[in-house]
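One structure below.
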2 protein chains.
Amino acid sequence: MSLPTLVRIFESHRAPNPRRVSIFLAEKRVEVERVEVDIMAGEHFADAHRKKAGSHHVPVAELSDGSFLTETVAICRYVEALHPEPNLMGADAKETAVIEMWQRRMEFSVLQNIAFVARHTIPAMQALEHEQVPEWGRACASRMEEALKGLDERLRESPFIAGARFTIADITAWVALDFMRVLRRGPPDGCEALLEWHDRVKARPSATV
Amino acid sequence: MSLPTLVRIFESHRAPNPRRVSIFLAEKRVEVERVEVDIMAGEHFADAHRKKAGSHHVPVAELSDGSFLTETVAICRYVEALHPEPNLMGADAKETAVIEMWQRRMEFSVLQNIAFVARHTIPAMQALEHEQVPEWGRACASRMEEALKGLDERLRESPFIAGARFTIADITAWVALDFMRVLRRGPPDGCEALLEWHDRVKARPSATV
């Protein structure tokens, strides 16, 4: 079975989703051409981007068979198939399911709430939304705090989010926490296990991308 | 490699995510014990549920090794590994990535927007939210319309959402559309391809679960 290879990534390098793919590739030691899409100028809404990607999102992966792949986790899963080591998404079916469970918890509880707070309360992020709803941003702030406390609880019992080793779940949570910088705030007080994990992940070479 | 089997599913059978798993299992012709969790009475927030599942969500899958798995798509991927046929999530790495791409588009654009509209504009759904934000529900109504028009466009060029055959992406979109009943509205006018697909999916035996 010959799989199409990865040709290039269209991204907006400071945005959380493209960063997840970049860190995933760095962990795999895969280097690939990058094309920057200026999302603050709305380039992702342009017909040229939408026609190519079939979506107005970044990142987009261009494959050697001329097709394009969107959706961060779909791109990561494809990269995992092309470059199985180091394993980041599970070595057998049970582990794959457990990692996906934690990855999705990080996505829906941690990353999405942080993103909603940012996109609905920071005026400059209006460019990314059809309509900002500040009431929603404020409601998500308390959901975000709860999610971070829950993550701290998890990290009191496990060295990494999905278990004994670093996986895509850690990448999602790390990028989410790093993105909190735009909110000029950190995790709630008392989240020592979360901060300790954060420092360990930050020390990895992939965290500098 | 001997994988733990599926023992039972904790669910709230009318809610969209448990329905996705039920339809997935019906397509696989897998029968399993069901335990109903009354989410309108808040049973999913009770300590007993949270301790078992590690999350306050449904569905939860109990496995024969005594562990529990949450997150709809993680459960489906595990069921796919236990029961590979009929294939619903991809037969090779490229197809798996394309199906995951479409599945996630359906989840984030179609299902999530419909769920936000319902949970933030229907008073009885207050029980499911920490805080209803009606402004958010209204903003998501236009996102929902855009998403359904986009899905109609896709279905003008493809018999099923991810390509030539029925997959998990169709399950997510079908459950989402069916859930629109609580909003007492359907897709925007002119979505003929979407309605035609809807009727074809509705005719499958799995759609009756």
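Below, the figures for the structure above:
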read-out: Across A:94/B:51; A:94/B:149; B:28/B:94, pairs whose alpha-carbon gap is larger than 28 Å; value: A:94/B:149
read-out: Shielding of B:91-104 by partner chains, average beta-carbon count, 10 Å; value: 6
read-out: For chain B, built as a Gaussian network whose Cα springs stay under 10 Å, the top-fluctuating residue of B:167, B:96, B:121; value: B:96
read-out: Per the axis that maps chain B onto chain A, nearest residue of B (Cβ criterion) and its distance in Å; value: B:136, 2
read-out: Net dipole in debye of chain A [+1 Lys, Arg Cβ; -1 Asp, Glu Cβ; about Cα centre; nearest 20]; value: 160
read-out: Spatially proximal aspartates and glutamates relative to residue A:202 (Cα-Cα < 17 Å; intrachain offsets below 8 disregarded); value: A:27, A:152, A:170, A:178, A:192
read-out: Chain B, Cα convex hull volume normalised per residue, Å³; value: 119
read-out: Segment A:93-204: radius of gyration and largest Cα-Cα distance (Dmax), Å; value: 14.4, 44
read-out: Loop-located GluC sites (Glu not before Pro) in segment A:1-85 whose Cβ has at most 13 other Cβ within 10 Å (DSSP); value: A:31
read-out: Per-selection Kirkwood Rh - the protein assembly as shown (Cα, Å, 1 d.p.); value: 22.0
read-out: Inter-chain shielding of B:124-131 (mean C-beta neighbours from other protein chains, 10 Å cut-off); value: 2
read-out: Label geometry 7 Å along the beta-carbon vector: residue B:40 inter-copy distances in nm; value: 4.8
read-out: Inter-chain Cβ neighbour average for residues B:71-78, partner chain, 10 Å; value: 6
read-out: Residue B:8 long-range amide H proximity, modeled H, under 5 Å; value: B:62
read-out: Residue with peak Gaussian network fluctuation, chain B [Cα springs, cutoff 10 Å], from B:194, B:63, B:177; value: B:63
read-out: Pseudo-label separations to other copies for residue B:14 - Cα-to-Cβ vector, 7 Å, nm; value: 4.7
read-out: Nearest-first distances (nm) between copies at residue A:186, label 7 Å from Cα via Cβ; value: 5.5
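Read-outs throughout are calculated quantities, based only on the coordinates presented, and are distinct from any laboratory measurement. These numbers come from a predicted model, not from an experiment. Glycine gets a Cβ as well: all are built from the backbone with ideal geometry, and neighbour counts include every protein chain shown.
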